[in-house]
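Down below is the structure, laid out as structure tokens.
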Amino acid sequence: MSVLTQTRQDALNLFEKIGLPTGRDEDWKYTDASRLKDLLQPTPTDANIHIKDMGVTGLDAYRMVFINGLFAEAESNLPEGVSILSLAELEKNSTGEDAEGIAKLFTVDTKAPLMNGFNAWNAAKASDGAVIILADNAILTKPLYILHISNQSNVVRHSFMIGKHAEAQIIEHFISTDDSKALSNTCSFVALKAEARVEHTRIQQEGDKQSHVARVQVKQCKKSSYQFHGVELGASLSRTDLVVNLHGEGASCDLNGLFVLSGRQHADHHTRIDHKAPHCTSRELYRTVLDGRSHGVFNGKVIVHEGAIKTDSNMSNGNILLSKNAEIDTKPELEIYNDDVKCAHGATIGQLDDKQLFYLRSRGISAEAAQELLTFAFADEVLVAMSNQTVRSYVEKAAFAKLPHSDDLEEMLGS
Amino acid sequence: MLEVKDLHVSVDGKKILKGLNLTINAGEVHAIMGPNGAGKSTLSNVIAGRDGYEITSGSITYKGDDLLEMSPEERAWAGVFLAFQYPVEIPGVNNTYLLKAGVNAKRKHQGLEELDAFDFMQTVKEKAKLVELDPSFLSRSVNEGFSGGEKKRNEIFQMAVLDPALALLDETDSGLDIDALRIVAGGVNKLRGKDKAIVMITHYQRLLDYIEPDFVHVLADGVIQKTGDKSLAVELEKHGYDWVKENK
Ligand SMILES: Nc1ncnc2c1ncn2[C@@H]1O[C@H](COP(=O)(O)OP(=O)(O)OP(=O)(O)O)[C@@H](O)[C@H]1O
Ligand SMILES: [Mg+2]
């Protein structure tokens, strides 16, 4: 058996041993994984998907398209001179001297925080993925836009390896072509060498009946900087585990999350930041706007390890419930194992600010439009940090469309 | 234009206004002075329609209509404007969008066409110039990160764009530097007119040198204790509020 086959078999064995998370698992208290059991098996097929004009239009970017978990080369547009490869292609040529390296892309780190059965399954069953290897000092001159289109269960596995001083902007976008019942299981591994910079956006906008389980695992070397924007708009159930390891001195991460949910949608982000080295900075801003009977879950855990002196960590989570039946479960957690740190964290669940509402109304904005406007502004603030304006306005429009809005407000923001 | 009759207002069961009467006619400028906590902001908030105030008796009529029956936005459409003592910051809401929405909502209510974007921007730029507001403030979020004085100047800028019939300026002069005070007062003076009225709440006689009032009222213990002309403010400065109570 080749080392690769062995690695994937190990992952499958691990999955069989640990299975899917259950409600007894503290980290899965609010998200019912059992109903995804029958959707695990990927169906990598591109049958009947016409992708013309899908996704973010007018974006000046390199492009990688995955249809039901398979790289669609014909739809893609990749830069010259940069290693951006298909995982499936790599796997085909895995007998050579790179065999060990390729096998490593499928290794499951059982000790990693928030590791679960979906992740093991992903390593065992991934049909494809993007493998980006950015050399030291290389700069990806345009963002890389990775569009995932699905109407079947799919398993993709991305690895982004960013060299010293290198820079990349990566946008993952997930959409569906119809409202089939299916599960997307995705993992993205991001490794930043010293002083590397990455801006990583994930926009989850899958169909009403779709489910989405993701793991984003980031390891940061010295003085590297990682910025994340996670936007949850679609799917009936979605769960993301975002795990950041601040491993090298002076590294910084900035994690932004936005959920705009309605109907019976359920979205859950568990984030975990490990401050392992001195002088690292972490920022986290999560906001949710929940309507209907939707359910948001945010669990943000920061661990400041012994020796991680001069840690500067700030986490804030704000939630607005637009309906009596919407629900948020939020839990910011902080564990500190040394004294020399500056940490703040907090969560709010609230209605809109009365003073702001009155101010807007006193300027002639109707009560309804004022509420909608403040709700939109609340959500939009999370997107301020997004550097790509085309992507930002795409997300703003999509989020706005999901929020209740009157004609008044539409006119107001339309211009 | 505005007729406040025997107004009694409580907050959280505490009586603040206790039978206040005030008549304001078109073309007039009124100044209201009075000690801290007397109820000056309460009065202006009640006129603008802020909730949280319990109006236990009395009435307010504005241009013949029962103001207390109107929502804050309806009052704005009818020409009532409040320049807040403490303007609130609204992150994520663009200053210019807010005004455009306000102006158009009012026009819609009056059965007028919406202003086109170009005409609106012309007005905005012209009014910004009037109060010497740096154009960079136009594209910023409402009051976010503005200094105290900048917030006050922004209030008067908004007033200039919305062009109200009745403007209530709640301590707009507090926090303005000497030059800003002169500029803002100049802006307010340009907005005076025979079909408009201005009510200024202030602690300082100095403002009244710039914007000359027709009447000066002293509000204390929940009622207007004394009304006079500009010279009353000078007397007040000299003798303090106890003198008013003793010389009703
Ligand atoms: N929301 C509130 N809750 C409790 N008390 C209030 C509230 N609003 C006003 N008050 C009280 O009502 C009284 C009048 O307040 P108001 O703000 O009207 O005074 P003011 O005359 O404007 O004072 P200043 O000159 O200091 O601005 C004060 O004692 C104040 O504490
Ligand atoms: Mg006051």
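Ordering A:C343, A:C221, A:C253, A:C280 by the number of other Cβ atoms within 10 Å of each residue's own Cβ, fewest first, gives A:C343, A:C221, A:C253, A:C280. Computed about the Cα centre, the dipole magnitude for the range A:3-350 is approximately 460 debye when only Lys and Arg (+1) and Asp and Glu (-1) carry charge, each at its Cβ. Rounded to whole numbers, the Karplus 3J(HN,Hα) couplings from phi for the range A:299-310 are 10, x, 10, 10, 10, 9, 7, 3, x, 7, 6, 6 Hz, using 6.51 cos²θ - 1.76 cosθ + 1.60 with θ = phi - 60°, and x at Gly and Pro.
Proximity of backbone amide H atoms, modeled 1.01 Å from N, is registered between A:G257 and A:G230, A:L285, A:Y286, A:R287 at under 5 Å, excluding neighbours fewer than 5 places apart on the same chain. DSSP beta bridges confined to the range A:3-350 are antiparallel in about 5 percent of cases. Distances between placed amide hydrogens fall under 5 Å for A:I336 paired with A:V304, all partners being 5 or more residues away or on another chain. Counting only Cβ charges, +1 for Lys and Arg and -1 for Asp and Glu, the dipole size of chain B around its Cα centre is about 160 debye.
Within a straight-line Cα-Cα reach of under 15 Å, A:K342 can be paired with the following aspartates and glutamates, leaving aside sequence neighbours fewer than 8 residues apart in one chain: A:D274, A:E284, A:E306, A:D312, A:E333.
How high is the FRET efficiency from B:Q110 to A:E73, r the C-beta distance, R0 41 Å, rounded to 0.05? Working shown, then result.
Values: r = 60 Å, r/R0 = 1.46.
Step by step, r from the Cβ atoms, then E = 0.10.
Within 10 Å, count the other beta carbons around each residue, average over each peptide in B:197-210, B:19-32, and list them highest first.
Details: B:197-210: 20.3, B:19-32: 18.1.
Result, highest mean Cβ count within 10 Å first: B:197-210, B:19-32.
Among A:M54, A:M161, A:M64, sorting on how many other beta-carbon atoms sit within 10 Å of each Cβ, with the fewest leading, yields A:M54, A:M161, A:M64. Helices meeting the span-like rule in chain A (full DSSP H runs, Cα extent of at least 15 Å along the helix axis, mean Kyte-Doolittle score of -0.5 or higher): A:3-18, A:367-383, A:389-402. Available extension along the chain between A:T5 and A:E333 is 114.2 nm, counting 0.36 nm per residue and deducting the alpha carbon span. Answer with one residue from A:L360, A:S224, A:I303: the one whose Cα lies farthest towards the positive end of the charge dipole of chain A, charges on Cβ with Lys, Arg +1 and Asp, Glu -1. Of the listed residues, the answer is A:I303.
Mind sorting A:T57, A:T7, A:T45 by how few other Cβ atoms lie within 10 Å of their own Cβ, fewest first? Provide the component values of the computation, followed by the final result.
On the way: A:T57 8, A:T7 21, A:T45 15.
The most exposed by this proxy come first: A:T57, A:T45, A:T7.
In a DSSP loop and with at most 11 other Cβ atoms within 10 Å, there are no trypsin sites (Lys or Arg not before Pro) in the range B:78-168.
Kindly provide the trypsin sites (Lys or Arg not before Pro) of the range A:319-415 that DSSP labels as loop, not H, G, I, E or B, and whose Cβ sees at most 16 other Cβ atoms within 10 Å. Sites meeting the loop and neighbour criteria: A:K324.
Amide H to amide H distances under 5 Å link A:I171 with A:L144, A:Y145, A:I146, A:T201, where only residues 5 or more positions off or on other chains count and H is placed in the peptide plane.
Over all other residues within a Cβ to Cβ distance under 14 Å of A:V384, the charged ones net out to -2, with Lys and Arg as +1 and Asp and Glu as -1.
Placing +1 on the Cβ of every Lys and Arg and -1 on the Cβ of every Asp and Glu, with no other charges, gives the range A:353-415 a dipole of roughly 180 debye about its Cα centre. Among B:V199, B:L2, B:V234, whose Cα sits farthest toward the positive end of the charge dipole of chain B (+1 at Cβ of Lys/Arg, -1 at Cβ of Asp/Glu, about the Cα centre)? Farthest towards the positive end: B:V234.
Remark: C-alpha extents of the range A:353-415 on the principal axes read 35, 22, 19 Å, sorted largest to smallest.
Farthest towards the positive end of the charge dipole of the protein assembly as shown, among the residues B:L130, A:Y62, A:A399, is the Cα of A:A399, using unit charges on the Cβ of Lys, Arg, Asp and Glu. Residue-wise HN-Hα couplings along the range B:96-104, as the Karplus relation 6.51 cos²θ - 1.76 cosθ + 1.60 with θ = phi - 60° gives them from phi, are 6, 4, 4, 5, 4, 5, x, 4, 5 Hz; Gly and Pro carry x. Calculated [222 nm] ellipticity per residue, helices only, for chain B: -11500 deg cm²/dmol; basis is -39500 (n - 2.57) per DSSP H run with n ≥ 4, divided by all residues, nearest 500. Per residue, chain A reaches -6000 deg cm²/dmol at 222 nm when only DSSP H runs of four or more residues are counted, each adding -39500 (n - 2.57).
Taking θ as phi - 60° and the Karplus parameters 6.51, -1.76 and 1.60, the scalar couplings of the range B:227-244 work out to 10, x, 9, 4, 5, 4, 5, 5, 4, 4, 4, 6, 9, x, 6, 4, 4, 4 Hz in sequence order, x denoting glycine and proline.
Quick note: the coordinates plus some simple rules give every number you see, no bench work behind them. Since the structure is predicted, the reported quantities are computational estimates derived from the model, not experimental observations. Positions of Cβ are backbone-derived with ideal geometry, glycine not excepted, and every protein chain shown enters the neighbour counts.
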